[in-house]
Protein chains: 2
Amino acid sequence: MNDFHDWLFQKQAFVEFVLEKNLPKASDETHLNEAIKYSVLNGGKRMRSLLVLAVAEIVEAPPIAIENIICAVEFIHAYSLVHDDMPCMDNDDLRRGKLSCHKKFSESTALLVGDSLQSIAFSLLSSPSLQINPKNQLQIIHILANAIGIEGMAKGQALDIENTNKKISLDKLMVMHRFKTGALINSACLMAVLASNNYDKKTLDIIDTYSKSIGLMFQIKDDILDKEASQEVLGKTPGKDEKYNKATFLSLLGITKSKELAAKYYEEALTVIKPFGDKAYYLASMAELIMTRSH
Amino acid sequence: MNDFHDWLFQKQAFVEFVLEKNLPKASDETHLNEAIKYSVLNGGKRMRSLLVLAVAEIVEAPPIAIENIICAVEFIHAYSLVHDDMPCMDNDDLRRGKLSCHKKFSESTALLVGDSLQSIAFSLLSSPSLQINPKNQLQIIHILANAIGIEGMAKGQALDIENTNKKISLDKLMVMHRFKTGALINSACLMAVLASNNYDKKTLDIIDTYSKSIGLMFQIKDDILDKEASQEVLGKTPGKDEKYNKATFLSLLGITKSKELAAKYYEEALTVIKPFGDKAYYLASMAELIMTRSH
């Protein structure tokens, strides 16, 4: 595990460096660029980027393509958090231990920060300098666009609002999370495969299954942490789900069965990547990290 | 002009047909798809689409590419209106004579409608079926992404907020409008050229200048109409700029000089397209339509 911790340390620093490099320069005319920077560089765990980099250990992809995919994914994730924190959505004043964007700046700025981050993501992915086959590049854009829209993240958000204060089934909860958080995690991993100019279909299928399992495991773990962790460790307001009367894996299954379900997806993720042999080391370690995380 | 009116009538119907075809099917789980449909199919003038179609009369582009560009541009335009009408922005209850999205549905739905429309636009432009050179297709996506972000529409919105209740110069007003409305109009026209697999650089340059002139002319005309037209004709709350103490061409230049400036950009647009000869007919007619519109 020591080797993985070195890798993690290096890659986390690399992600911050790449994000900062691709952020807009601060502008003195409006607070928009400053607010964008604030919302992206706020100490996130960069779990999606680390998954992209773990996939990049399996396939051979141009570093510049991986860099832009990392930025696109983190920018989209940051946009979703900024909009999700707004008063008309989850109305959360804290994000990763700091004021959320609309509290630090204003609601109108938060709205524009999210809107801008989405378009910057697509600008980065359509850059002429990615060194990948243009057809693959178009497929990467198509996958991300679909993962965050009405058959992806936005639908998940809409279902989340729809489900608040309602008794829903486990199936419906799973569907909601597959859209809300799963689709972006899934697309992040698939984009990393597609960035390789000689990927094979089997690799794409394995990564597809792996990332779907990881997405659900991540969400179940999130629900458990929301209940068990303190605000200090979590960096955001805990117990939010209960307060808003939202169905969670915990409220539907209880703590023991939730942990069992997380373990089931963890095993699934580990099993499917076995054909990669030793190369699967970082993917397996990422799965373990997500499974055992305390915040 | 009769010929142009026939063209206009046909093309407007065509745009509505194409938009409806590419809208998501109504879903019974959430109001998201319904709200998206409501916000796009609300009787807009489709000025941007008509400009795309007028450019398509000059170049030879695959119809499917033009269709998707039209949808992408109208979806982005609709997203900007939905977010712009929200309480934290312009707080407008009316849009084209109907309740704005957040009044008809909810603020959270309006937020997600805008977010979704942006991603649907990029999904359409990255579709594998556009029948254009993948490199051109990537360039189309890149142009749109840049036109609506922090060096485009979103920056224009941020400047608009920043400029409210301030005395600003004509130069600053022009810069704001170039970003806020000009960039999308410009990119719409450029995308139509790039959809042609054998366009020449000179055509791209001419359309670039034409569309920039049209954009400014459109905005000056908008300011004049905001002052002169009634709510019934305009379909939205008139006198809004005055109410919010926003600088306009009228407040800075007065009515006569504003009309002269609009006429100047009209002439510029007509002059630059002369090399197209008879083919420029629809572009010239579109310029005239925008110049003489009463709403």
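Every condition in (1) free of Cβ contacts under 8 Å to residues at least 60 places away in the same chain; (2) buried (at least 23 other Cβ atoms within 10 Å of the Cβ); (3) at the interface with chain B (Cβ under 10 Å from one of its Cβ atoms) is met by A:Gln157 except one, and the failing one is (1).
Scanning the stretch A:178-202 for residues that are farther than 12 Å from A:Ile58 by Cβ and of a type in the set (D, E, K, R) yields A:Arg178, A:Lys180, A:Lys201.
When you check A:Leu32 against the structure, is it touching a residue at least 40 places away in the same chain (Cβ under 8 Å), open to solvent by less than 30 Å² (accessible area, probe 1.4 Å), over 23 Å from A:Phe218 (Cβ atoms) and over 15 Å from the mean Cα position of the chain (by Cα), yes or no? In short, yes. Within the stretch B:201-220, residues that are within 15 Å of B:Ile143 (Cβ to Cβ) have Cβ atoms under 8 Å from residues that are of a type in the set (D, E, K, R) and open to solvent by 10 Å² or more (accessible area, probe 1.4 Å) in these pairs: B:Lys212/B:Arg178; B:Gly215/B:Arg178, counting only partners at least 6 apart in sequence or on another chain.
Within the stretch A:126-136, can one find any residue that is part of a helix (DSSP H, G or I), closer than 30 Å to A:Tyr282 by Cα and within 8 Å of chain B (Cβ to nearest Cβ)? Yes - at least one qualifying residue is present in the stretch A:126-136.
Taken over the stretch A:74-121, the residue count meeting the criterion of being of a type in the set (Asp, Glu) and at pLDDT 95 or above is 5. The set of residues from the stretch B:98-135 being of a type in the set (Lys, Arg) and closer than 22 Å to B:Ser187 by Cα comprises just one member, B:Lys135. Looking at the stretch B:62-74, can you tell me whether even one residue there is touching a His at 6+ places or on another chain (Cβ under 8 Å), open to solvent by less than 10 Å² (accessible area, probe 1.4 Å), under 26 Å from A:Pro128 (Cα atoms) and of a type in the set (Asp, Glu)? No - not one qualifying residue is present in the stretch B:62-74. Scan the stretch A:7-25 for residues that are among the aliphatic types (A, V, I, L, M), closer than 18 Å to A:Ser39 by Cβ and touching a residue at least 24 places away in the same chain (Cβ under 8 Å) and the total you get is 3.
A quick yes/no check of all residues on (1) at pLDDT 95 or above; (2) touching a Leu at 6+ places or on another chain (Cβ under 8 Å):
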| site | (1), (2) |
| --- | --- |
| B:Cys189 | yes, yes |
| B:Val193 | yes, yes |
| B:Ser196 | yes, no |
| B:Lys236 | no, yes |
| B:Lys246 | no, no |
| B:Gly254 | no, no |
| B:Glu267 | yes, no |
| B:Glu288 | yes, no |
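The values are calculated or read from the model by the stated rules, or taken from the named source; none is laboratory data. What you see is a predicted model, and the numbers here were worked out from it, not measured in a lab. Positions of Cβ are backbone-derived with ideal geometry, glycine not excepted, and every protein chain shown enters the neighbour counts. Just the protein is used for accessible areas: all its heavy atoms, side chains included, with ligands, DNA and RNA removed. Shrake-Rupley method; radii C 1.70, N 1.55, O 1.52, S 1.80 Å.
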